[in-house]
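Chemist: Handing you a structure now.
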Amino acid sequence: MKPQEVCQRAIKLCKEEGATDVVVSVNDSNETMIRFSNNQITISDLLNELACNIFVKVQGRSAGTNLMDLNQSTLKAGVKKVVKMAKTSPPGEIWARLPQGPFSYNPQLLNGSKVPSDAKKLVDWVQGAIDGGTGEGAERMAGSLIAHNSTVTLMTSGDAFGVSQGGSLEMSIRAFGKDQASGHSVSIASREGDFKPEEAGIEAGRLAKMAAAPAMGGAGEFDAILGPMVFSDLMNQVGRVASAFYIDSGMSFLKDKLDLKVAAENFSLIDDPTLVDTYGSAPFDAEGLPTERTKIVENGLLRSYLHNSTTAQKFKTKSTANAGLIAPHPFNLVVEPGKESLDSLMSRIDNGIYVTNSWYLRYQNYGTGDFSTIPRDAMFLIKNGKIAGSIKELRISENMIRVLQSIQGVTQERKWIKWWEVDTPTLSPSALVSKVRFTRSSQ
Amino acid sequence: MEDSLDMMINLAREKGASYAEARYQNDEYESNLLKNGQPEVSTFETRKGISFRVVYDGALGFGSTNQMSRSRLKSLVLKTVATAKSSSRLRKSPLGMGQAEMGQSVVEITPRVPFFSISLESRIELLKEADSAAVRMAEKCSALLAGRYVSLDTLTTERMVINSDGGRVHSRIPRVAVDVMLTAYQDQRGTAQRIFSIGESAGWESVERWDLPTRLESEVKALCSVLSKAEKMDAGTYDVILGQEVVGIVSHESAGHPGEADRILGREGAQAGETYLGQSDLGRQVGSEVVNVVDDPTIPKSFGFYLHDEEGVKARRRYLIKEGKVNEFLQNRETAYFMGTQSNAASRSVAFNREPIVRMANTFVEPKDHSFEELKEDIQQGVYIKNFMEWNIDDRRFNQRYVGLEAYKIENGELKGLVKNPILEITTPALWSAVDAVGNDLQFSAAYCGKGDPMQGIPVWTGGPHMRLRNVRLGGSA
């Protein structure tokens with residue numbers, strides 16, 4: 001059966017079994033990943049998948065499944081089981097009907113570009129990126145290149161129907177020099193013309209070179225510049241916990257803060273899946289609603305949580321078209337640009353630290369936003385407005401709201417970031433944050 | 001299925017592959033979630049497909065599909081071989097498969113109480129009962145459970161692995177896990193949070209034994225005590241007893257990950273990172289002589305249980321640190337080939353469409369002979385850190401931080417009042433070298449270890465007995 005027929009058949013069967021609301025999506029995806037380390041290819045992965053996701057409600061009772069075998073009998077058995085599961089589940093707190101269509105979707109968002117996935121082309125890109133980094137003086141390069149093409153067919157009992165197709169390219173590359181010097185860069189794109197793997201390799205190599213012979217960093221409070229890879233990681237946290245699901249479950253430092261000042265006035269964060277030809281763009285959410293541009297934080301004020309129809313009803317508002325059938329989520333985060341350059345931000349610091357990458361962010365308390373994260377790769381001391389040496393082995397031990405409220409400025413230049421640590425594509429500037437608390441091992 | 005896998009291997013060999021491996025994997029999940037006492041969406045899923053690996057001209061190729069007709073499988077073999085062939089031009093040191101003791105057997109864990117015999121209503125009813133017990137306990141403690149999240153997951157994994165080196169293993173292993181997140185609130189005191197997981201490779205009988213309502217009651221009681229009674233502590237140098245849950249995460253992060261051979265070789269360099277250990281560090285003293293850290297996939301009912309890994313290699317107990325010295329790295333056949341040693345069966349994959357890579361299974365400090373009473377009796381000024389919330393470690397596995405949740409002062413050998421969020425921020429050798437005594441009360445926690453690209457969260461146990469550290473610096477409460 002063709003995907004559209006699978007959707008029609010599944011919805012019909014679900015209704016016959018007694019479902020009141022049904023969402024069916026069929027995802028046909030092809031992904032090629034080339035992983036490399038020590039300047040050579042580690043493995044090439046080919047991941048092909050055809051799967052059908054079915055979500056049903058029987059009034060306030062809901063259930064879901066993902067079927068990977070789409071023949072008639074499997075589909076029928078899967079439908080029977082999922083509707084039965086919903087019927088026997090105790091009712092949830094809320095029964096929100098699915099959004100009622102039909103809807104029209106932006107054709108540019110529906111029809112994204114397909115990206116190349118042939119092995120020779122991808123290996124050439126990897127070679128170019130490795131050469132870019134070693135050309136800057138790096139000894140070893142490691143990373144991954146992912147080419148992904150997919151077609152998503154979505155249909156709901158609320159008369160939503162759309163077929164979205166497109167591709168994405170992602171290069172994450174790390175350069176290693178001597179004595180723990182390293183640098184990391186990424187390039188992501190939704191079309192071939194915007195993809196710059198070699199530039200990513202060059203930037204990683206250049207950072208590794210600049211970070212040569214790092215000295216032990218000292219603990220204390222420092223004005224800090226958080227580069228796009230660090231700031232996008234923090235923005236992913238803000239975007240994630242802006243989901244009404246996390247607000248409701250006590251897992252968000254944004255709880256009870258709507259329309260309150262959560263950040264400095266110079267800071268605005270938007271979820272914008274409507275940006276054509278970007279990695280995280282999407283024509284519809286998981287309930288079939290046309291996606292929207294949602295201001296999460298505007299000039300420091302928390303303007304909106306992210307909702308699907310169920311959380312919207314609970315919070316007595318309208319969906320922001322961010323479904324997630326269980327938890328709403330951001331698609332494509334955008335930090336509004338500032339007016340300054342990186343040099344200009346740096347010139348404002350007498351004694352500070354420039355962090356280019358971080359990972360392993362963990363919370364002491366999701367509700368308060370107390371967390372720590374570990375800078376990795378190039379990190380520099382800033383003295384009198386200029387880079388004054390490479391440092392290592394520090395940890396940022398902070399509170400998320402305090403960091404947001406201490407943003408002194410963000411750069412005009414921004415970069416799209418997505419990699420192993422940053423799930424949601426994020427257009428991020430560098431940010432100057434005052435009095436960031438750095439700690440280090442005591443023994 | 002076996003015929004299809006054999007067909008794939010034969011075809012790859014005909015096309016010139018020096019090694020071929022086919023794996024059929026079927027994961028059957030069922031998941032139930034209760035948020036703030038209300039059922040969220042219940043889900044079930046069958047993830048079934050075939051993965052295929054080849055070594056061609058010194059390059060490794062991996063392919064997977066969930067469309068398992070013979071023509072699709074043949075096409076997958078040809079594409080995987082072709083992609084490996086293309087990437088071989090960027091392979092300066094040819095890759096191979098190291099020596100290993102290949103398995104040829106069937107492993108099936110039969111649940112005493114099968115998952116299918118427990119209805120959805122019964123599962124949700126159990127979660128609701130546990131949730132209600134938690135809420136009642138919070139009320140008794142004059143606190144509010146402002147956020148509750150309790151999930152119950154059952155998973156049965158069937159695998160068949162066949163390779164061109166004689167490996168032929170078939171397994172069927174059930175797993176069950178409960179994950180809990182609790183937020184307690186009190187006016188004036190704010191919030192405190194606790195996250196924990198329980199998991200085993202067994203059937204529903206494990207859930208019955210866990211007695212979730214009683215477990216949640218005791219967790220909430222302790223959490224409310226932390227919230228209402230924990231006092232700020234001064235930073236300083238203390239003798240410290242780490243609780244079993246903390247010893248477990250330390251074993252995993254600061255002995256298991258550093259000893260993964262793929263990190264040592266730089267294979268995970270751009271993602272999960274590398275390690276402070278090098279190939280020549282076998283025998284290096286990184287801790288005191290009382291420290292033995294073990295990783296053992298063969299423990300019955302353990303969350304990370306298996307008897308053969310995803311390369312068909314027979315599993316065994318591995319001593320990562322023995323008497324304080326680095327004793328053995330975790331190896332799969334690829335890393336063993338480069339290091340000139342044997343695989344010790346550390347190759348794991350979370351699904352049919354994920355590459356098998358070097359992973360831990362059940363990592364723990366081996367117990368010795370001290371009771372908890374004996375560990376604390378000669379501590380004059382100390383802190384007992386029973387469990388934790390925040391933790392992280394750098395990508396060389398050298399600088400780590402563990403922030404205690406339930407923690408007590410120790411004065412003159414006695415537990416005194418609760419202290420708030422003691423912070424242990426320390427290097428790996430300093431941590432292991434500070435250990436002067438190890439308890440006899442081994443206990444495990446369940447966890448999902450994240451590694452790989454695409455990310456693979458794999459079931460593991462972390463554990464240990466209570467463990468005493470002398471003269472370590474604790475950062476004070478914020």
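Chemist: From the list B:D179, B:D234, pick out the single residue that is under 19 Å from B:A361 (Cα atoms) and not in a helix (DSSP H, G or I).
Modeler: Details: B:D234 fails: under 19 Å from B:A361 (Cα atoms).
None of the others qualify; the one that does is B:D179.
Chemist: If you don't mind, another one. Any idea which of B:I393, B:I321 is closer than 21 Å to B:D281 by Cα, within 14 Å of chain A (Cβ to nearest Cβ) and β-branched (V, I, T)? So that I can check it myself, show each step before the final result.
Modeler: Details: B:I321 fails: within 14 Å of chain A (Cβ to nearest Cβ).
Only one candidate qualifies: B:I393.
Chemist: Let me ask something additional. So A:G60 passes all but one of these: (1) facing another protein chain (nearest Cβ under 7 Å); (2) within 21 Å of B:L120 (Cα to Cα); (3) out of contact with any Lys or Arg (no Cβ under 6 Å at 6 or more places or on another chain). Which condition number does it fail?
Modeler: Only one criterion in (1) facing another protein chain (nearest Cβ under 7 Å); (2) within 21 Å of B:L120 (Cα to Cα); (3) out of contact with any Lys or Arg (no Cβ under 6 Å at 6 or more places or on another chain) is unmet by A:G60, namely (1).
Chemist: Still on this structure: So which residues in segment B:37-64 are more than 24 Å from B:R175 (Cα to Cα) and facing chain A (nearest Cβ under 7 Å)? If you could, list the steps in order and put the result at the bottom.
Modeler: Here is the first cut: in segment B:37-64, the residues more than 24 Å from B:R175 (Cα to Cα) are B:37-38, B:52-63.
Selection gives B:Q38, B:A59, B:L60, B:G61, B:F62, B:G63.
Chemist: Which of the strands (runs of 3 or more DSSP E) contained wholly in segment B:356-418 include at least 2 residues that are of a type in the set (A, V, I, L, M, F, W, C)? Break it down into steps so the answer makes sense when it comes.
Modeler: Numbers: elements: B:362-365, B:381-385, B:388-393, B:399-404, B:407-411, B:414-418.
The strands (runs of 3 or more DSSP E) meeting that bar are B:362-365, B:381-385, B:388-393, B:407-411, B:414-418.
Residues are listed down the side, and each one gets a yes or a no for (1) without any contact (Cβ under 8 Å) to a residue 60 or more places away in the chain; (2) within 14 Å of B:R397 (Cα to Cα); (3) more than 14 Å from chain A (Cβ to nearest Cβ); (4) of a type outside the set (D, E):
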site: B:G199; (1), (2), (3), (4): no, no, yes, yes
site: B:A222; (1), (2), (3), (4): no, no, yes, yes
site: B:K229; (1), (2), (3), (4): no, no, yes, yes
site: B:M233; (1), (2), (3), (4): no, no, yes, yes
site: B:S251; (1), (2), (3), (4): no, yes, yes, yes
site: B:E260; (1), (2), (3), (4): no, yes, no, no
site: B:I264; (1), (2), (3), (4): no, yes, no, yes
site: B:Q271; (1), (2), (3), (4): no, yes, no, yes
site: B:Q279; (1), (2), (3), (4): no, no, no, yes
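Chemist: Since A:V82 meets every condition but one in (1) β-branched (V, I, T); (2) facing another protein chain (nearest Cβ under 9 Å); (3) buried (at least 22 other Cβ atoms within 10 Å of the Cβ); (4) touching a Leu at 6+ places or on another chain (Cβ under 6 Å), which condition does it not meet?
Modeler: Only one criterion is unmet by A:V82, namely (4).
Chemist: Residue by residue through segment A:101-131, note down the ones that are assigned to a helix (DSSP H, G or I), in contact with a Gly (Cβ under 9 Å, 6 or more places away or on another chain) and more than 14 Å from every other protein chain (Cβ to nearest Cβ).
Modeler: Passing the criteria: A:L109, A:L110.
Chemist: With free of Cβ contacts under 8 Å to residues at least 60 places away in the same chain and in a strand (DSSP E or B) as the only criterion, which of A:S442, A:S430, A:S390, A:S397 stands out?
Modeler: Details: A:S442 fails: in a strand (DSSP E or B); A:S430 fails: free of Cβ contacts under 8 Å to residues at least 60 places away in the same chain; A:S390 fails: free of Cβ contacts under 8 Å to residues at least 60 places away in the same chain.
Only one candidate qualifies: A:S397.
Chemist: Report yes if some residue within segment B:317-329 is assigned to a loop (DSSP other than H, G, I, E, B), acidic (D, E), over 22 Å from the mean Cα position of the chain (by Cα) and on the phi > 0 side of the Ramachandran plot; otherwise report no.
Modeler: Within segment B:317-329, the first condition is being assigned to a loop (DSSP other than H, G, I, E, B), and the residues that meet it are B:317, B:323-324, B:327-329.
Going one step further and asking which of them are acidic (D, E), we end up with B:323, B:328.
Going one step further and asking which of them are over 22 Å from the mean Cα position of the chain (by Cα), we end up with B:323.
Now restrict to residues that are on the phi > 0 side of the Ramachandran plot: B:323.
Checked against the condition, which is being assigned to a loop (DSSP other than H, G, I, E, B), acidic (D, E), over 22 Å from the mean Cα position of the chain (by Cα) and on the phi > 0 side of the Ramachandran plot, segment B:317-329 yields at least one hit.
Chemist: Scanning for something polar (S, T, N, Q), within 27 Å of A:M85 (Cβ to Cβ) and either buried (at least 22 other Cβ atoms within 10 Å of the Cβ) or more than 11 Å from chain A (Cβ to nearest Cβ) (or both), does segment B:124-137 turn up at least one residue?
Modeler: Restricting attention to segment B:124-137, the residues satisfying the condition of being polar (S, T, N, Q) are B:132.
From what's left, within 27 Å of A:M85 (Cβ to Cβ): B:132.
Remaining after also requiring either buried (at least 22 other Cβ atoms within 10 Å of the Cβ) or more than 11 Å from chain A (Cβ to nearest Cβ) (or both): B:132.
Yes, some residue in segment B:124-137 is polar (S, T, N, Q), within 27 Å of A:M85 (Cβ to Cβ) and either buried (at least 22 other Cβ atoms within 10 Å of the Cβ) or more than 11 Å from chain A (Cβ to nearest Cβ) (or both).
Chemist: Another question about this same structure. For residues that are acidic (D, E) and in a strand (DSSP E or B), scanning just segment A:26-73, find the one that is surrounded by the fewest Cβ atoms within 10 Å (Cβ to Cβ). Steps first, answer last, please.
Modeler: Here is the first cut: in segment A:26-73, the residues acidic (D, E) are A:28, A:31, A:45, A:49, A:69.
With the extra rule that they be in a strand (DSSP E or B), the set shrinks to A:28, A:31, A:45, A:49.
On the way: A:D28: 16, A:E31: 20, A:D45: 26, A:E49: 19.
Per the criteria, the residue is A:D28.
Chemist: Next up: Would you pick out the residues in segment B:36-64 that are part of a strand (DSSP E or B) and in contact (Cβ under 8 Å) with a residue 60 or more places away in the chain? Steps first, answer last, please.
Modeler: Residues of segment B:36-64 part of a strand (DSSP E or B): B:38-39, B:42-56, B:59-64.
Residues satisfying the conditions are B:P39, B:S42, B:R47, B:K48, B:G49, B:I50, B:S51, B:R53, B:L60, B:F62, B:S64.
Chemist: Look through segment B:432-478, keep the residues that are more than 13 Å from every other protein chain (Cβ to nearest Cβ) and not in a strand (DSSP E or B), and return whichever of them is nearest to B:L375 (Cα to Cα).
Modeler: B:H466
Chemist: Within segment B:421-431, does at least one residue satisfy the condition of being assigned to a loop (DSSP other than H, G, I, E, B), more than 25 Å from A:S442 (Cβ to Cβ) and within 14 Å of chain A (Cβ to nearest Cβ)? If you could, list the steps in order and put the result at the bottom.
Modeler: Residues of segment B:421-431 that are assigned to a loop (DSSP other than H, G, I, E, B), as a first pass: B:421-422.
Cutting the leftovers down to more than 25 Å from A:S442 (Cβ to Cβ) gives us none.
Checking segment B:421-431: not a single residue is assigned to a loop (DSSP other than H, G, I, E, B), more than 25 Å from A:S442 (Cβ to Cβ) and within 14 Å of chain A (Cβ to nearest Cβ).
Chemist: Consider segment B:10-35. How many of its residues are more than 23 Å from the chain's Cα centre (by Cα), in a strand (DSSP E or B) and among the aliphatic types (A, V, I, L, M)?
Modeler: Of the residues in that region, 3 qualify.
Chemist: How many residues does segment A:168-185 hold that are among the aliphatic types (A, V, I, L, M), touching a helix residue (DSSP H, G or I) at 6+ places or on another chain (Cβ under 6 Å) and in a strand (DSSP E or B)?
Modeler: Looking only at that region, the number is 3.
Chemist: Please specify each residue of segment A:335-376 satisfying the condition of being more than 9 Å from chain B (Cβ to nearest Cβ), assigned to a loop (DSSP other than H, G, I, E, B) and of a type in the set (D, E, K, R).
Modeler: Matches in segment A:335-376: A:E336, A:K339, A:R348, A:D350.
Chemist: Quick one: how many residues across segment B:343-364 are over 15 Å from the mean Cα position of the chain (by Cα) and either on the phi > 0 side of the Ramachandran plot or aromatic (F, W, Y) (or both)?
Modeler: The total comes to 2.
Chemist: Are any residues in segment B:358-409 surrounded by 23 or more Cβ atoms within 10 Å (Cβ to Cβ), in contact with a Pro (Cβ under 8 Å, 6 or more places away or on another chain) and touching a residue at least 24 places away in the same chain (Cβ under 8 Å), and if so, which ones?
Modeler: Those that are surrounded by 23 or more Cβ atoms within 10 Å (Cβ to Cβ), in contact with a Pro (Cβ under 8 Å, 6 or more places away or on another chain) and touching a residue at least 24 places away in the same chain (Cβ under 8 Å): B:A361, B:N362, B:V365, B:V383, B:I385, B:R397, B:G404, B:A407.
Read-outs: derived from the displayed coordinates by stated rules, not from any lab. Note that the coordinates shown come from a computational prediction; the quantities given were computed from them, not determined experimentally. Methodologically, a virtual Cβ is constructed for each residue, glycine included, from the backbone with ideal geometry; neighbour enumeration extends over all protein chains shown.
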